[in-house]
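Chemist: Got a structure for you, written out below as structure tokens; questions coming shortly.
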Amino acid sequence: MKLPVRRITRLLADSRAHRAERRRPTGLGLVLADSVNYLNSDHWDAAAASGGFFLGRDFLRVAEKHGPDNVTPRYALIFRGDRPVAAVLAQMVVVGGERVMKSPDAPASKEPRSLLRRAFSRPVRKLGRRLEERVLVCGNLLTWGRHGVAFAPGEDPEPLWPGVAEALFRMRRADKLMGDAGLVVLKDLTSADSPADGAMARFGYRALETEPNMVLELSEGWRTFDDYLGSLVSKHRSGSKAIARKLEEAGVALRPMVDLEPHADALHALYLQVQANATVRPVTVPASFEPALARAAGNRFRCTAAWLGDRPVGFVCTLGDGDTAIGYHLGFDRALAGSGLPLYRALLQATIGDALSLGCRRLSLGRTALEPKAGLGAKPEPMHVWVRHRNPTLNLLVRRVLGLIPHAEAPDRNPFKA
């Protein structure tokens, strides 16, 4: 289909204008730092106030001290005059091929493979694990959601998004001494972040849809997990009770874990069992992370563990962030689960009771295992990322290439009574 000359002229003019905008400062002031401790704490708190727990200094200090060994934090404060108007968290992550391929110790896929794929799978995996790329991620790789940008109360985000793009550009250029970051990623935006779209597109970023975040709205009438059970149709209520019965028959009990420190190594081993089965795992936290997170979050933190005698065989952590609870890190014994014990579903259900005990009104469960989360009554919240490659030619192909990566669609389930 041929484009009208007038439209082509307009597109070329827009392209030149956007290129010119990318090559001049926004006029906003910027402060860059390698640690949240290097920034004026009052300025950061004022700009990041709307960012919640994951942009708070308590969490950021935990992430700096106990975070993954392949992640280096980067911070920016954006000023209009002397007033801090936005806070930006980015993470420089070094991603090797072994982090985007399943571990060789992970259970083999049951999907049938052709003779050609079997012949080439081993050398391809061997070569892929040698690859390494530096990526600048605006956001938090330790969780999901838009936890990389916050705007000061009363500020209109739309005119400040170009400042975010400038901050990311300057972060990447400042890091050249330690190696180029080929890719810049802004994660995880929702429809509420539409003011970002125009600015990121003008600055050469390409939008890419990802799996949705599964969110369960918690009814005002629910105070405990039993209240939630009472709202389910009989089929789903019976299924939930069957999960509890199977655990009881196996001698497994769900109980809160108050002090995580004595069990840190055991919890970490369970977490790694779940990580090993993930196709993409850009970051892995050390054993010290969960206890440090529990201390930082205080009464906003819950950990429910599945106990076999005095040994934890599964756990899930839930964080309260305003009126939203986040079903956070989870781990379980894959051998027990493989024998038919519904550890994962039991832990998933436990987050509902923990979210209610935190006084939250919604439960964010993330974007994996969409089917069981939909079965709880969670609904998809679409999310997307913005991606830009430093090479202009490759940047034109980024969206097309990344768009070839399949992502699952959430099933539509309604387990509740009419």
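For every residue, the table says whether it meets (1) polar (S, T, N, Q); (2) within 25 Å of Gly52 (Cα to Cα); (3) in the same structural domain as Gly52 (by TED's automatic domain parsing).
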residue	(1), (2), (3)
Arg245	no, no, no
Ala269	no, no, no
Arg295	no, yes, no
Val313	no, no, no
Thr318	yes, yes, no
Thr324	yes, yes, no
Asp333	no, no, no
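Chemist: Related question: All but one of (1) within 21 Å of Val95 (Cβ to Cβ); (2) out of contact with any strand residue (DSSP E or B) (no Cβ under 7 Å at 6 or more places or on another chain); (3) in contact (Cβ under 8 Å) with a residue 60 or more places away in the chain hold for Leu136; which doesn't?
Modeler: (2)
Chemist: Turning to a different aspect of this structure: Being at pLDDT 95 or above, more than 30 Å from Gly67 (Cα to Cα) and assigned to a helix (DSSP H, G or I) narrows it down to one of Ala242, Ala294, so name that one. First the steps, then the outcome.
Modeler: Working: Ala294 fails: more than 30 Å from Gly67 (Cα to Cα).
Matching residue, one of Ala242, Ala294: Ala242.
Chemist: While we're here: Evaluate the following for Ala196: is it within 27 Å of Tyr328 (Cβ to Cβ) and hydrophobic (A, V, I, L, M, F, W, C)?
Modeler: Numbers: within 27 Å of Tyr328 (Cβ to Cβ): yes; hydrophobic (A, V, I, L, M, F, W, C): yes.
Against the criterion (within 27 Å of Tyr328 (Cβ to Cβ) and hydrophobic (A, V, I, L, M, F, W, C)), Ala196 qualifies.
Chemist: Looking only at region 319-332, decide whether some residue is touching a strand residue (DSSP E or B) at 6+ places or on another chain (Cβ under 8 Å) and of a type in the set (D, E, K, R).
Modeler: Start the filter on region 319-332 by keeping residues that are touching a strand residue (DSSP E or B) at 6+ places or on another chain (Cβ under 8 Å), which leaves 319-320, 323-332.
The next check asks that each one be of a type in the set (D, E, K, R); those that pass are 323.
Yes - at least one qualifying residue is present in region 319-332.
Chemist: A further question on this structure: Condition test on Asp333, is it in contact with a Leu (Cβ under 8 Å, 6 or more places away or on another chain) and among the acidic types (Asp, Glu)?
Modeler: On the way: in contact with a Leu (Cβ under 8 Å, 6 or more places away or on another chain): yes; among the acidic types (Asp, Glu): yes.
So Asp333 fits the description; yes.
Chemist: Of the residues Thr284, Thr279, which single one is part of a loop (DSSP other than H, G, I, E, B), touching a Lys or Arg at 6+ places or on another chain (Cβ under 6 Å) and among the polar types (S, T, N, Q)?
Modeler: Values: Thr284 fails: touching a Lys or Arg at 6+ places or on another chain (Cβ under 6 Å).
Going through Thr284, Thr279 in turn, the sole match is Thr279.
Chemist: Now for a separate question. Just to be sure before I move on: is Val95 outside any loop (DSSP other than H, G, I, E, B) and modelled with pLDDT of 95 or more in the structure I sent?
Modeler: Working: outside any loop (DSSP other than H, G, I, E, B): yes; modelled with pLDDT of 95 or more: no.
When the stated conditions are applied, Val95 does not pass them.
Chemist: Taking Gln273 as meeting all but one of (1) under 27 Å from Gly353 (Cα atoms); (2) touching a Leu at 6+ places or on another chain (Cβ under 7 Å); (3) touching a residue at least 40 places away in the same chain (Cβ under 8 Å), write down the number of the exception.
Modeler: (2)
Chemist: A follow-up question, please. Report whether or not Arg223 is touching a strand residue (DSSP E or B) at 6+ places or on another chain (Cβ under 8 Å) and basic (Lys, Arg).
Modeler: On the way: touching a strand residue (DSSP E or B) at 6+ places or on another chain (Cβ under 8 Å): no; basic (Lys, Arg): yes.
It is false that Arg223 is touching a strand residue (DSSP E or B) at 6+ places or on another chain (Cβ under 8 Å) and basic (Lys, Arg).
Chemist: Part of a helix (DSSP H, G or I), of a type in the set (D, E, K, R) and at pLDDT 95 or above - does that describe any residue in region 306-328?
Modeler: For region 306-328, residues part of a helix (DSSP H, G or I), of a type in the set (D, E, K, R) and at pLDDT 95 or above: absent.
Chemist: Also, I was wondering about something else. Looking at region 245-258, which of its residues are within 18 Å of Thr318 (Cβ to Cβ) and part of a loop (DSSP other than H, G, I, E, B)?
Modeler: Result: Met257, Val258.
The values are calculated or read from the model by the stated rules, or taken from the named source; none is laboratory data. All values reported here derive from a predicted model rather than from experimental measurement. Every residue, glycine among them, receives a Cβ derived from its backbone with ideal geometry; neighbour counts consider all protein chains shown.
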